[in-house]
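Any read-out appearing in this document is the output of simple, stated calculations on the displayed coordinates, not a laboratory observation. Source: prediction; values computed, not measured. Using ideal geometry, Cβ is built from the backbone for each residue, glycine included, and neighbour counts are taken over all protein chains shown.
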Amino acid sequence: MSTARSAQTTTDELNHRAVSMLRAVVAGRAQISCSSEPDLFIDNVPCCDQYTAHMLAHAGLIEPAARGVVGDVVPAQLTAAGEAAIAPATAAA
């Protein structure tokens, strides 16, 4: 499955937790590990739902904001697809 297809499927099905995780990234409160299965940290605490964190990363909604070697934890940022995914949720909030 391509990243674009995966991202589209995911953005149509984001739950409240996933949207909250994306909002934490926007607020600058999130870090991501450099890994093939990136873990997400909010306020320096590991997210309780790493399955959703992995889904957000694999769907192309979040990514590292800086380069790092495997195992490094760096700031997270939204991709353009991530911004589009929360745009309607942000407008409705």
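Only one entry of 46, 64 meets the criterion of being within 10 Å of the chain's Cα centre (by Cα) and more than 20 Å from residue 14 (Cβ to Cβ), and that entry is 64. Scanning the range 19-54 for residues that are surrounded by fewer than 16 Cβ atoms within 10 Å (Cβ to Cβ) and part of a strand (DSSP E or B) yields 45, 46.
Selection of first residues in the range 58-79 that are at positive phi and of second residues that are surrounded by 17 or more Cβ atoms within 10 Å (Cβ to Cβ) and not charged (D, E, K, R), restricted to Cβ pairs under 6 Å at least 6 apart or on distinct chains, gives the following pairs, ordered by first then second residue: 60/7; 60/79; 60/81. A search for C-beta distances below 8 Å between a residue of the range 19-45 that is among the hydroxyl-bearing types (Ser, Thr, Tyr) and any residue that is part of a loop (DSSP other than H, G, I, E, B), counting only pairs 6+ apart in sequence or on different chains, returns 33/39; 33/71; 33/72; 35/70; 35/71.
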